[in-house]
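J.: One structure, pasted below without further comment.
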Amino acid sequence: MDTDPTRTDPTRTDPTSRPSTLTASTPDELGEAAPAEEAPPVAPVAVIGAGAMGAGIAQVAAAAGHDVSLVDAAPGAAAASLARLSEGLSRLVARGRLTQEEATAIEGRITPVASIDALPDCDLVIEAVPEDLELKRRLFAELALGQPSTTVLATNTSSLDISAIADEVTDPERVLGLHFFNPPTRMRLVEVVHGELTARAYVEFATGLMRTWGKTPVVCASTPGFIVNRVARPFYGEAQRIVEAGVADAATVDWILREKGGFPMGPLELTDFIGQDVNLAVGTSVWEQTGRDPRYAPTELQRSLVARGRLGRKSGSGIYPYAADGTLVETPPDLGLAERLVGGPVATDPLARTLAMLVNEAVDLVRRGEASAEDVDTAMVLGTRYPKGPIAWGREIGFDVVAAQLAELDAAFPGGRYRPSPALTDGSIA
């Protein structure tokens, strides 16, 4: 992986002109959004892809006052998405979270469009199509030709390389990532991701715009998985490895992470909720993009679950069994075992082992210059609902203690997965 800071510094290219008119004030009905900032008059926005994520982003932009073109190549897809969005707005009105006037205004600002050729000139285009690099690359090349040279071209990819997506764009300095979290109407976090050639001016513009939409932006380089999907890998992987090794059953591991660690869900029940196939695909993507670094290697446990069709709650079984209505069939933890494991050797302590790896991953990302410590902690708290950021946790535990725990794990399980980051001991992160 390229760790030269000049390779990810968006100041390398500076546009002579950039959009400066986008704005909005996000209304309270969008849930957890932060107070919006003041900004200039609104400007047109387009969202490509009318699935759940694209429709949600379109709703956020429209609620902020923008005229939004919602594009989908499938015949009737954009109109059908707008109809579903209208039903959702009606439910918000019924619950008193929106007035009818506000709902009507939001819906009225969104126009279904059949193709990108029919788009008006926009100041911002956000792509939210499936996670297919070649599809996105072709789409961005078309958008660059069809939109003004000052249009910001953003992808909602969750892990694909921004520079690769911009590969066929003649002016890649205007291509960046705006990774919203699901559902975008409620989740505050947006990862603003710059590629190797993204201009600083566009990063600053996008960051400011997200604040006017009531979001909390964090800035990161286009590293595999960005912040959240990169740092979170060991949360799942360590739990799976502990179960694979027969140290503890899934229910006990999840209980420890919830009750002793304060996490809202245990890692194993969370992978069932996400979908074992989805979680495996994200993890495999990060692993492949990092040159198959053993830190991110998928587990045989998860591969086996997916191969057998045990995808989690949606399939009726995963790590856990589920009733016909999708509710979890309760599996009690072994509380005696849990008490023996917590505070014992790090190799068999699910909490200490997981925290050590989360801290290691977070500080290493900061060491490489891919994000700030503050943004990493903000992203993990808002994006995953961790009880605290991993770097704050590392300061609390002691970076030297974490380094010693990882050295112990590395000795017990050689192969490079548990190699400590130099940032734990070199004083680069206070």
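The values are calculated or read from the model by the stated rules, or taken from the named source; none is laboratory data. Computed from a prediction, not measured in an experiment: that's the story for all the values here. All Cβ positions, glycine included, derive from the backbone under ideal geometry; neighbour counts span all protein chains shown.
Condition check ((1) touching a residue at least 24 places away in the same chain (Cβ under 8 Å); (2) under 24 Å from Ala232 (Cα atoms)) across all residues:
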{"residue": "Ser317", "(1), (2)": "no, yes"}
{"residue": "Ala324", "(1), (2)": "no, no"}
{"residue": "Leu351", "(1), (2)": "yes, yes"}
{"residue": "Val359", "(1), (2)": "yes, yes"}
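J.: Condition first: in contact with a Leu (Cβ under 7 Å, 6 or more places away or on another chain) and either over 15 Å from Leu189 (Cα atoms) or not assigned by TED's automatic domain parsing to the domain that holds Glu238 (or both). Now tell me which residues in region 354-396 satisfy that.
T.: Answer for region 354-396, where residues must be in contact with a Leu (Cβ under 7 Å, 6 or more places away or on another chain) and either over 15 Å from Leu189 (Cα atoms) or not assigned by TED's automatic domain parsing to the domain that holds Glu238 (or both): Thr354, Ala356, Asn360, Val363, Pro390, Trp393.
J.: Looking at region 158-170, I want the residues that are within 8 Å of Gly195 (Cβ to Cβ) and touching a residue at least 12 places away in the same chain (Cβ under 8 Å) and have a partner that is surrounded by 20 or more Cβ atoms within 10 Å (Cβ to Cβ) and of a type in the set (Phe, Trp, Tyr) with Cβ atoms under 6 Å, at least 6 apart or on another chain. Which pairs are those?
T.: Pairs found: Ile165/Phe140.
J.: Could you grab me the full set of residues in region 145-160 that are crowded, with 21+ Cβ neighbours inside 10 Å and modelled with pLDDT of 95 or more?
T.: Gln147, Thr151, Val152, Leu153, Ala154, Thr155, Asn156, Thr157
J.: Continuing with the same structure: Taking the condition outside the structural domain of Met187 (by TED's automatic domain parsing), over 20 Å from the mean Cα position of the chain (by Cα) and modelled with pLDDT under 95, does Asp325 pass?
T.: Yes; evaluated as a whole, the condition is true for this residue.
J.: Also: So, of the residues in region 131-145 that are of a type outside the set (Asp, Glu) and without any contact (Cβ under 8 Å) to a residue 12 or more places away in the chain, which turns out to be nearest to Phe205 (Cα to Cα)?
T.: So the residue we want is Leu145.
J.: In this structure, does Thr252 turn out to be over 20 Å from Glu361 (Cα atoms) and surrounded by 20 or more Cβ atoms within 10 Å (Cβ to Cβ)?
T.: yes
J.: How many residues are crowded, with 16+ Cβ neighbours inside 10 Å and assigned to a helix (DSSP H, G or I) if we restrict to region 285-313?
T.: So the count comes out to 11.
J.: Now a separate question. Can you tell me how many residues in region 255-267 are over 18 Å from the mean Cα position of the chain (by Cα) and buried (at least 24 other Cβ atoms within 10 Å of the Cβ)?
T.: 3
J.: Starting from region 176-205, take each residue that is over 18 Å from Ala379 (Cβ atoms) and list its partners that are assigned to a strand (DSSP E or B), counting only C-beta distances under 6 angstrom and pairs at least six apart or across chains.
T.: Hits for this filter: Thr198/Leu176; Tyr202/Val152; Tyr202/Leu176.
Listed here are the residues, each with its yes/no results for (1) under 17 Å from Val47 (Cα atoms); (2) not basic (Lys, Arg).
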site	(1), (2)
Val71	yes, yes
Ala79	yes, yes
Leu82	yes, yes
Ser90	no, yes
Val93	no, yes
Gly96	no, yes
Gln100	no, yes
Ala105	no, yes
Arg109	yes, no
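J.: Just a yes or no: is a residue in region 356-371 closer than 22 Å to Pro298 by Cβ and in a loop (DSSP other than H, G, I, E, B)?
T.: no
J.: Here is a follow-up. Pick from Val381, Val376, Val329, Val342: which is of a type in the set (A, V, I, L, M) and surrounded by 19 or more Cβ atoms within 10 Å (Cβ to Cβ)?
T.: Result of the check over Val381, Val376, Val329, Val342: Val376.
J.: Taking strands (runs of 3 or more DSSP E) that fall entirely within region 43-149, which contain at least 1 residues that are among the polar types (S, T, N, Q) and in contact with a strand residue (DSSP E or B) (Cβ under 6 Å, 6 or more places away or on another chain)?
T.: 68-71, 110-113
J.: Oh, and also: Which one of these does Asp121 not meet: (1) surrounded by 13 or more Cβ atoms within 10 Å (Cβ to Cβ); (2) closer than 13 Å to Val47 by Cα?
T.: (1)
J.: Next question. Please specify each residue of region 161-184 satisfying the condition of being farther than 18 Å from Ala46 by Cβ, under 15 Å from the mean Cα position of the chain (by Cα) and crowded, with 22+ Cβ neighbours inside 10 Å.
T.: Listed by number, the list holds a single entry, Ile162.
J.: For residues in region 385-430 being closer than 19 Å to Ser372 by Cβ, part of a loop (DSSP other than H, G, I, E, B) and among the hydrophobic types (A, V, I, L, M, F, W, C), which is modelled with the lowest pLDDT?
T.: Ala430
J.: Tell me, which residue of region 37-52 that is under 22 Å from Val203 (Cα atoms) and surrounded by fewer than 22 Cβ atoms within 10 Å (Cβ to Cβ) is modelled with the highest pLDDT?
T.: Within region 37-52, the match that is modelled with the highest pLDDT is Pro44.
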